[in-house]
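Asker: So that we are looking at the same thing, I have put the structure below in structure tokens.
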Amino acid sequence: MKVRYGVSPQALLALNKLDLQHPVRCVARCSHALDLMASVASCRLRYCPRCDSRPDRFERCERARRYLKMSRKRDVARINGPLLCLLHKCAAEEADRSGSFRVNRIRVGSSGNPLSFVAAQVDVARIIREISPSYQSLETLQKAYFAVFIMSILHPFEDGNGRTMRMWLISLAASSESAEVAEFVSFLALYVKFRQRDLVVAMDQLSEGFVSGVQEFHAAAVTFFEGLFDEEASARVFDWAISIEPEGSLLARAW
């Protein structure tokens, strides 16, 4: 089984080379998209005892409102160790060692999966400190895939990496000056769960310095997104969002 010792220099260079297509047909027809995606991340991807994860209740749930408020408060234009730990504490408060980086090695992925690996025992705080300048220089869409890559490959926490990644993306969306990019990045926070297998392949390739997998993944995401945000966007986006079953089982149909 492959052992990963942090983030390779070629991966950081590859992230800077990413040429990412911007969505063009989402003329803000679903003005509450970011709020909806945050509510789904809070109360639909994992079972919420407060609203029972019910489709008719989760958007009004206090937990969802708190999740969105915390996401909007976090300025992720730059990233550092304390901020990443704060995101983890907010997104995964019930996780083991919530708000603290892992100190032991962990296995990532299920047994028998050829892409599973061991995230070695490393100084996570030092690695985040070293790579943060690379993050600051990226544009918003590149930052989104940087976040996905770090949470997938470095796996900085023992538990709750996916939840932290989603809050990072929602926070990034909330800070975007472009409505289209904000809606897309908030959508991406859920879409990465929908296409998890393809994402793992793309991140594995990126760890070796190859960008084609990420660009193909992104192109498919943009196509799917533009279909959702075409005509009658509010109904279509909500219908897709609530098709995500609690505990993370996505049963969304392709539009």
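The values are calculated or read from the model by the stated rules, or taken from the named source; none is laboratory data. Just so we're clear, the structure is a prediction, and the values are computed from it rather than from any experiment. When we count neighbours, we look across all protein chains shown, and the Cβ atoms used for this are built from the backbone with ideal geometry, even at glycine.
Asker: Looking at Leu172, Leu141, which one is of a type in the set (A, V, I, L, M, F, W, C), farther than 29 Å from Gln121 by Cα and touching a residue at least 40 places away in the same chain (Cβ under 8 Å)? Show your work before the answer.
Answerer: Values: Leu172 fails: farther than 29 Å from Gln121 by Cα.
So the residue among Leu172, Leu141 that is of a type in the set (A, V, I, L, M, F, W, C), farther than 29 Å from Gln121 by Cα and touching a residue at least 40 places away in the same chain (Cβ under 8 Å) is Leu141.
Asker: Right, something else. Just to be sure I understand, how many residues within region 101-153 are part of a loop (DSSP other than H, G, I, E, B) and not hydroxyl-bearing (Ser, Thr, Tyr)? Break it down into steps so the answer makes sense when it comes.
Answerer: Narrowing region 101-153 to residues part of a loop (DSSP other than H, G, I, E, B): 101-105, 109-116, 120-123, 137-139.
Within this subset, residues satisfying the condition of being not hydroxyl-bearing (Ser, Thr, Tyr) are 101-105, 109, 112-115, 120-123, 138-139.
The qualifying residues number 16.
Asker: Additional query: Please enumerate the residues belonging to region 167-190 that are in a helix (DSSP H, G or I) and surrounded by fewer than 24 Cβ atoms within 10 Å (Cβ to Cβ). Steps first, please.
Answerer: Filtering region 167-190 down to residues in a helix (DSSP H, G or I) leaves 167-174, 179-190.
The answer is Ala174, Ala179, Glu180, Val181, Ala182, Leu190.
Asker: With the condition kept exactly as written, say whether any residue in region 70-91 is in a loop (DSSP other than H, G, I, E, B), of a type in the set (S, T, N, Q) and surrounded by 13 or more Cβ atoms within 10 Å (Cβ to Cβ).
Answerer: Going through region 70-91, the residues in a loop (DSSP other than H, G, I, E, B) turn out to be 74-80.
This time we only want the ones that are of a type in the set (S, T, N, Q), so: 80.
Applying the additional criterion that residues be surrounded by 13 or more Cβ atoms within 10 Å (Cβ to Cβ) yields 80.
Within region 70-91, one or more residues are in a loop (DSSP other than H, G, I, E, B), of a type in the set (S, T, N, Q) and surrounded by 13 or more Cβ atoms within 10 Å (Cβ to Cβ).
Asker: So, one more: Go through (1) within 20 Å of Met70 (Cβ to Cβ); (2) in a loop (DSSP other than H, G, I, E, B) and name the single condition Thr164 misses.
Answerer: (2)
Asker: If you go through region 34-52 one residue at a time, how many are touching a helix residue (DSSP H, G or I) at 6+ places or on another chain (Cβ under 7 Å) and outside any helix (DSSP H, G or I)?
Answerer: Going through region 34-52 one residue at a time, the tally reaches 7.
Asker: For region 201-221, which positions are part of a helix (DSSP H, G or I), touching a residue at least 40 places away in the same chain (Cβ under 8 Å) and surrounded by 21 or more Cβ atoms within 10 Å (Cβ to Cβ)? Reasoning before the result, please.
Answerer: Initial filter on region 201-221 (part of a helix (DSSP H, G or I)): 201-207, 212-221.
Narrowing the set further to residues that are touching a residue at least 40 places away in the same chain (Cβ under 8 Å) leaves 201, 203-204, 206-207, 214-215, 218-219.
Scanning region 201-221 gives Met203, Leu206, Val214, His218.
Asker: Which ones in region 71-100 are among the hydroxyl-bearing types (Ser, Thr, Tyr), at pLDDT 95 or above and within 24 Å of Ser176 (Cβ to Cβ)?
Answerer: Across region 71-100, there are no qualifying residues.
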